[in-house]
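Peer 1: The following block contains the structure, expressed as structure tokens.
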Amino acid sequence: MRAPLRLIPALLLLFGFFPTTAFAWGEHTLASYPALGALPEIANAAPVRIESLEQFLSAEEQSLVTVLAEEEQWARANVPNYPERPAALAFEATGNALDLRERFVRAIRINPNSRLLSYTQRVPRDDRPGCQRIPASRITFLRNIMYLSSVTFCEYQPGQSIPALDVVASGADEPDYGLDIGLFEDGETEFGKQYGFGAQPFGNPALEFSSQAPFHMGFFHESWIVYQLAPFLGRTFPEYRAHLYMTLARHAFATGHDYWGYRFMGWGLHYVQDLTQPYHATVLPGVSVFKMLWINFLNVIGFGTGQKRAVQLVSNRHLALEDFQKRIMKQSYVSGNLDYPIFAALEDTSTDSGYGTYNDRYLRDVITVESTDRATELDETLSEAMPEQFVQDPEFNFDSNDNPDALIDAIAQGQLQTEQKMAEPLGVLFRSFGAHSRNYARAVLE
Ligand SMILES: [Zn+2]
């Protein structure tokens, strides 16, 4: 069988310009407040006293040695295709305060430039007192942060007390601020060469944002032939992150460090929430396996535009969904009118228990099964409900479009009734976002 082997480079190409610049959901904080605010254990929790990361680590240096060693054993046994953490990075209790933070950051293999400041992120029009506003450049090392210019970030000092919900909802957006960027060995970072994650499975290592995608997406339910031809698609690791942060959160709670308990919970929630986005759980929604292989075959024999067009369309719809969700939520917060069905769906706890309790297989067997199931229909809905240029024109590149308001302006001018048409499908997605977020949080707190 030589033919399938010849297809491999073409598939590599196909996923080379995969929509990896996207975030899944725009600002997880916007949806995390209603979702976790509906969980009394968090909404009614006593305010938590902020500790710096160094304070937490120096108090728990000894106990973290065992916790992180066991976590590594768990990951090796349970995460498919898990890239083992090199022994040299294992966390050890040396008592040296000077490199304590660095030793921890390297043991959990996140970007060592992560700021990890004590801060919260607010939704629009939340003007409760006590916020010492800081620019986005204080909380992230990312360079392209224009999109954060309207977001309110507040800095706090260790010793101050703040609501648990603020910590969780802010933490849920934090993994999009660089924690998972530059971790692969071909990403031209010094730590990427030591972390043991290997080469970036897909996406373009030269693009700042693309390298986090394999941690924030989970392609667990593609056809066997897709994995056969493109085995790198099996190298996605949200299960590793969600479990690691749950372990750290539980340990922080158990040892009396509630602030870090809620913050690690927020970090873990991010991956749970990302996978409720069908475009983060399916490689090419709306494109059948047969069509994928056909497009790919055409490329092999020299008719290569089909694949670029298919990927561009999926990428545009992915970004249109995310952009629309973020805008509609922000507008609602700004106007003070939270009637758009997305908000009621987020607070609706009626489906939570139907999913069963959270377990180690939950991301794979529950969340992504559901989001994969929804992908094709959602793709169709988007192509019908959004202005044509953004979702049906493969020549259009949503990502390199200069006007950030282009979609929302087109929706406002058009006669598509996009808001009405998207209300129901977004309600479905965000009911799951809320339910899975709470089920994860319950498992942390149990
Ligand atoms: Zn993400």
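Since every read-out is calculated from the coordinates, none of them should be taken as a lab result. Since we're looking at a predicted model, the values are computed, not measured. Note that each Cβ is placed from the backbone with ideal geometry, even for glycine, and that neighbours are counted across all protein chains shown.
Peer 1: Between the alpha-carbon centers of region 332-363 and region 383-434, tell me the distance in whole angstrom.
Peer 2: Spelled out, the Cα-based centre of one part sits 21 Å from the other.
Peer 1: Could you work out the helix-only [θ] at 222 nm for the chain, with each DSSP H run of four or more residues adding -39,500 (n - 2.57) and the total divided by the number of residues, to the nearest 500 deg cm²/dmol?
Peer 2: Calculated mean residue ellipticity at 222 nm is -16000 deg cm²/dmol.
Peer 1: Sequence neighbours fewer than 8 away in the same chain don't count; with that in mind, list the aspartates and glutamates whose C-alpha is under 13 Å from K308.
Peer 2: Filter leaves D393, E395.
Peer 1: So which lysines can K326 reach, going by Cα to Cα under 25 Å and dropping same-chain residues fewer than 8 places off?
Peer 2: K421
Peer 1: Could you give each residue of region 233-243 its phi-based ³J(HN,Hα) in whole Hz, using Karplus coefficients 6.51, -1.76, 1.60 with θ = phi - 60°, and x for Gly or Pro?
Peer 2: Once rounded to whole Hz, the list reads 5, x, 9, 10, 10, x, 5, 4, 5, 4, 6.
Peer 1: Sticking with this structure for a sec: Determine, for each peptide in 153-162, 254-263, the mean count of other beta carbons within 10 angstrom over its residues, then list the peptides with the highest first.
Peer 2: On the way: 153-162: 15.3, 254-263: 21.3.
The most tightly packed comes first, giving 254-263, 153-162.
Peer 1: Now for a different question. Restrict the search to region 271-367; then list the trypsin sites (Lys or Arg not before Pro) that DSSP places in a loop and that have at most 11 other Cβ atoms within 10 Å of their Cβ. Can you show the working numbers first?
Peer 2: Working: sites: K291, K308, R309, R317, K326, R327, K330, R361, R364; in loops: R361.
Sparse-neighbourhood loop trypsin sites (Lys or Arg not before Pro): R361.
Peer 1: Along the positive direction of the dipole of the chain (beta-carbon charges: Lys, Arg +1; Asp, Glu -1; about the Cα centre), which of N81, Y147, L117 reaches farthest?
Peer 2: N81
Peer 1: Mind jotting down the three principal axis lengths of region 3-445 based on Cα atoms? Whole angstrom, largest first.
Peer 2: 61, 51, 41
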